[in-house]
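This report concerns only the one structure given below.
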Amino acid sequence: MKRTALILLGGLLVAGSAHAQLGVKAGLNAAVLDGDNLSARTKFKTTHHVGVFYETKILGPVSIQPELQYSLQGGSFKSAVTNFDTKLHYLYAPLVAKVRIARAYVEAGPQFGFLLKAREEGEVVVGEDENGAAVVASRARDAWSRYEKTDMSLCVGAGFKLIGGLSVGARFVAGLSDVNDANRITGLNDERLRNRVVQGFVAFQLP
């Protein structure tokens, strides 16, 4: 039974390799860092992503698509004393299963990411002048030590195949990991941060 399953799996992979397509994709992100016990209001920030993928047909309308994707994420934070943007640069490896319905398709799967760079830029209230007005200073700093170095997410999406190898699509990425650095968490009321991203993209697949 085990041998039969291995032979069947090998046959599917060999058959799928004859129907595999390499592609590239690029698009925009609407990214935010959401979570629990946040001390500031958060809002989505427009960023971008770019990547490569390899779609392999498995059986009928079903295919598997591993990807390698660079994605700039993060979000904007605002409170009574701060107003700043967080920029998190990730390298992600999504693995999605796709089901095609005519020219349309739906997809879902996990993705694992590595943090490449983190930076925070914005303004902070540092005091008051003689008239009682707030004194604001600009701040920019490397934030690598403030965030976890890995991120696990779940992505779901849909798209439409056009002519000439082109396609358009959208994907929602829900972070499953708390990306706030664990060493900074000391109590139950500390901030928990998770990536939330809505992606829109254009892709091109080689014939």
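The values are calculated or read from the model by the stated rules, or taken from the named source; none is laboratory data. Note that this is a predicted model, so its numbers are computed, not measured. Cβ sites come from the backbone with ideal geometry, for glycine too, and all protein chains shown count toward neighbours.
Points worth noting:
- Members of region 192-206 that are modelled with pLDDT under 95, over 15 Å from VAL52 (Cα atoms) and of a type outside the set (D, E, K, R): LEU193
- All strands (runs of 3 or more DSSP E) inside region 1-73 with 1 or more residues being closer than 30 Å to PHE204 by Cβ and modelled with pLDDT of 95 or more: 20-36, 45-59
- Only one of GLY109, GLY127 that is at pLDDT 90 or above and either under 18 Å from VAL32 (Cα atoms) or part of a strand (DSSP E or B) (or both): GLY109
- Qualifying residue in region 165-185 (condition: of a type in the set (Phe, Trp, Tyr), touching a Phe, Trp or Tyr at 6+ places or on another chain (Cβ under 9 Å) and modelled with pLDDT of 95 or more): no
- LYS87 vs. criteria in contact with a helix residue (DSSP H, G or I) (Cβ under 9 Å, 6 or more places away or on another chain) and part of a strand (DSSP E or B): no
- Scanning region 25-77 for residues that are surrounded by fewer than 20 Cβ atoms within 10 Å (Cβ to Cβ), aliphatic (A, V, I, L, M) and under 17 Å from the mean Cα position of the chain (by Cα) returns ALA26, LEU28, ALA30, VAL50, VAL52, LEU68, LEU72.
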